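Report on the following structure.
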Amino acid sequence: MIFRFKKKIWYSINLIRDGKLKEVWQALTRRLYSEELAFGFKRDLSIKIHKPRSLAKVIIREGTSEDEKYFSEDSNDGRIKNFQTCYVAINYDKIPCFRTWLIDASQNEKLKKAWGNNFPQLKKDEILLEKVFTIPKYRGMGILPIALYEISEKGLKLGAKYAICFGAVMNKNTSCSFCFAGFEPYILRKVRWFLFIKFTSYQEIPVNLLTDYKIYTQRYLPIKMENH
């Protein structure tokens, strides 16, 4: 706990040094009092769907340290970099434009240590896709859903049946992309901060939120393959 607190202090100091006072202030006020709702999304990998189409062709590969310079806008405190495995999507110019981490059940202890109850403990047949990020100038091209689709398929080789990811309820664009990649909301995560104390809980998705979700994602439903 003390080590994690020191890392946060050091991360904040680095942000201030980089002139990112706005980010530090936002983090401070959020921890005084805030409530964040996120859908937990799940994809059943045994249900085959057609690969999503995108405006930009990408190739998926494992991330390297050389990719880091392309993701300077993806601010984080570095904890995600302790996990395996990072995947990036590169375009026809071989420039990284998207990345996320694929985390399996063997990393449960590390997951708990890094984020507490922010994520459920993974079962042996589950993988988690975390820190989904598309570089801003490549957004709106359909890269996120096709990358998410292809990376979640890699879970099959790890013996996974389900792929899980989380996205803010208020971020409808991300929800649509997850839907297009074959993911469906299955749980609601509520994170509440009060006087720098964090409370995390999970519950069934309220009917009104689920109804709203179905309305704005209707046109993004994936096409399932027919069984012959």
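The values are calculated or read from the model by the stated rules, or taken from the named source; none is laboratory data. In this text the structure is predicted, and so the values were computed from the model without any measurement. Ideal geometry is used to build each Cβ from the backbone, glycine not excepted, and the neighbour counts take in all protein chains shown. Areas reflect the complete protein model, heavy atoms only, side chains present, ligands, DNA and RNA absent. Shrake-Rupley method; radii C 1.70, N 1.55, O 1.52, S 1.80 Å.
With kT/(6 pi eta Rh) evaluated at 4 °C and eta = 1.567 mPa s, and Rh the Kirkwood radius from Cα pairs, the chain diffuses with a coefficient of 69 µm²/s according to Stokes-Einstein.
Within 10 Å, Cβ to Cβ, of residue 135, how many net charges do the neighbouring residues add up to if Lys/Arg are +1 and Asp/Glu are -1?
Net of charged neighbours comes to +1.
Using a cut-off of 26 Å between Cα atoms, the listed pairs 110/137; 69/112; 81/198; 57/214; 42/154; 48/112 include 110/137; 69/112; 57/214; 48/112 as exceeding that distance.
A 1.4 Å probe run over the protein chains yields, for the range 114-187, 44 Å² of accessible area per residue, whole-number rounding. Using alpha carbons only, how many degrees (0 to 90, rounded to 10) separate the axis of helix 21-32 from the longest principal axis of the chain? The angle comes out at about 90 degrees. Couplings 3J(HN,Hα) for the range 163-170, derived from phi with the Karplus relation 6.51 cos²θ - 1.76 cosθ + 1.60 (θ = phi - 60°), are 10, 10, 8, 10, x, 4, 4, 6 Hz, where x marks Gly and Pro.
For the ranges 65-72, 100-107, 117-124, what's the packing order if you count other beta-carbon atoms within 10 Å of each residue, average per peptide, and put the highest first? Please report the intermediate quantities before stating the final value.
Numbers: 65-72: 12.1, 100-107: 19.8, 117-124: 15.0.
The peptides rank, most packed first, as 100-107, 117-124, 65-72.
Each peptide in 174-180, 210-216, 39-45 receives the mean, over its residues, of other Cβ atoms within 10 Å, and ordering these scores from highest gives 174-180, 39-45, 210-216. Overall shape: oblate for the range 24-94, with the ratio a/c of the largest to smallest alpha carbon gyration tensor axis at 1.5 or above and b/c at least equal to a/b.
Label reach from residue 186 (point 7 Å along Cα→C-beta): in the range 45-74, amide nitrogens under 11 Å belong to 45-46. Mind checking the angle between helix 2-17 and the chain's longest principal axis? C-alpha axes, 0 to 90 degrees, to the nearest 10. That helix lies at roughly 90 degrees to the long axis.
If you bin all the Cα-Cα distances of the range 124-211 at 5 Å, starting from zero, the percentages per bin are 3, 12, 20, 21, 18, 15, 9, 3, 0.
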